[in-house]
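S.K.: So that we are looking at the same thing, I have put the structure below in structure tokens.
Bear in mind that the values in this text are calculations on the coordinates, not laboratory data. Fair warning: this is a prediction, and the values are worked out from it, not measured in the lab. Here Cβ is always computed from backbone atoms with ideal geometry, including for glycine, and neighbour counts include all displayed protein chains.
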Amino acid sequence: MLPPGIQKDRLAGDDYAELRATKRRELGLEDDEKMVLMVGSGFKTKGLDRSLQALASLPQSQLFAEMLVSGQRKQWQENAKNYVENHDIFSMPQRAVDVIEQVIS
């Protein structure tokens, strides 16, 4: 059963494992590596600034995940520079629906 507004064609297809592996390789992520994905606008409401601050407070040895952000870059990139120096944050296009589906498969 799907929530209202979610089309059946948005479910993972039979090739989801291959798509996931390909996208993770492109991003340089290991298969078992965790990631945090933030999508869209309204980053203040969604807590992107708090997420960046939490990520920045972790020593490299305790970093548990990579962060992927999809949305208006100008809105969050300057904020990211204030918090994060030694951690990877991947920037994706604002309308990266297909890429996002591959990443979260």
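S.K.: Just to be sure I understand the model, the point goes 7 Å from the Cα along the line to the Cβ. What's the resulting F64 to S41 distance in nm?
M.R.: 3.2
S.K.: Once amide H atoms are placed 1.01 Å from N in the peptide plane, what residues at a sequence separation of 5 or more from L37, or on another chain, have their amide H within under 5 Å of its amide H?
M.R.: It is L68, by chain and number.
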